[in-house]
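Please read the structure below before turning to the comments.
The values are calculated or read from the model by the stated rules, or taken from the named source; none is laboratory data. Note that the structure is a prediction, hence the values are computed from the model and not measured. For neighbour counting, all protein chains shown are included, and Cβ atoms are generated from backbone atoms with ideal geometry for every residue, glycine included. For the accessible areas, the whole protein counts, side chains as well, though only heavy atoms, and no ligand, DNA or RNA atoms are used. Shrake-Rupley method; radii C 1.70, N 1.55, O 1.52, S 1.80 Å.
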Amino acid sequence: LQIQKLMYKDTGMDIWNLNYFFYWGEHKILPERKERYAVAVLNISQFRRYNVIFGWDAGEQLLVMVADILEREIAESKEIRARHQGDRFVLLLSWEDWEQFQQRIKKLKEVIEQCIYSNTENKLNVEIGVYEIPQDSSDLHDALNFANQALDFVKKDSGIVYYDDALEEMIRAKHEQEMLLETVEVSENFI
């Protein structure tokens, strides 16, 4: 039991870690699913600055508070909350109606932001990247990568980005532009 706790629990707080997220999600939840699932990655955007100003202990207390909110907001029997890294959390969430699911994500963001403000008097933005897992897939590694990619494209106004075909096309176009720029820079160095 102690070894399992070390393998699957975050060392700093009472929350699952990525090992548990991948193992339990890929081997228990997704193979037996009856509903649809999505991965959501949450990031507290000004957390590093908060940590510098108020100290490491205050930062840890803030993260514990967020972890507690996530525990209340998920259905533990069929969903997972885990600490991703630093100030990031990852969720495996079920859904039936996509519009209701989007409202759930928006409400979750608002609840966390409001709780942070109420408890710290600091306005910190929560950013969320979401990826809908295809019904025929149980690969949470890919799903987490896509959700992280969506998080990279979050704009300040909404704070939530869903990975979709349009975003994938934008990512490919950006990659091609960067490759082209690198090729031009390399050629200029040889001239």
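A few remarks follow.
- Residues in the stretch 17-60 that are of a type in the set (Asp, Glu) and either modelled with pLDDT under 90 or open to solvent by less than 90 Å² (accessible area, probe 1.4 Å) (or both): GLU26, GLU32, GLU35, GLU60.
- Any hit, the stretch 123-141, residues being assigned to a helix (DSSP H, G or I), within 15 Å of ARG36 (Cβ to Cβ) and within 11 Å of the chain's Cα centre (by Cα): no
- Test: residue in the stretch 58-77 that is more than 12 Å from the chain's Cα centre (by Cα), hydroxyl-bearing (Ser, Thr, Tyr) and closer than 23 Å to ILE160 by Cα: no
- Residue-level analysis places GLY159 among those that are in contact with an Asp or Glu (Cβ under 8 Å, 6 or more places away or on another chain), on the phi > 0 side of the Ramachandran plot and open to solvent by less than 80 Å² (accessible area, probe 1.4 Å).
- Pair list, Cβ under 7 Å, 6 or more apart: the stretch 76-101 residue at pLDDT 95 or above and of a type in the set (Val, Ile, Thr), other residue surrounded by 16 or more Cβ atoms within 10 Å (Cβ to Cβ) and part of a strand (DSSP E or B): ILE80/TRP16; ILE80/LEU91; ILE80/LEU92; VAL90/VAL39; VAL90/VAL41; VAL90/ALA82; VAL90/HIS84
Conditions (1) under 18 Å from TRP24 (Cα atoms); (2) surrounded by 15 or more Cβ atoms within 10 Å (Cβ to Cβ); (3) at pLDDT below 95; (4) among the acidic types (Asp, Glu), marked per residue:
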position: LYS107; (1), (2), (3), (4): no, no, no, no
position: GLU110; (1), (2), (3), (4): no, no, no, yes
position: GLU113; (1), (2), (3), (4): no, yes, no, yes
position: TYR117; (1), (2), (3), (4): no, no, no, no
position: ASN122; (1), (2), (3), (4): no, no, yes, no
position: GLU127; (1), (2), (3), (4): no, yes, no, yes
position: VAL130; (1), (2), (3), (4): no, yes, no, no
position: SER138; (1), (2), (3), (4): yes, yes, yes, no
position: ALA143; (1), (2), (3), (4): yes, yes, no, no
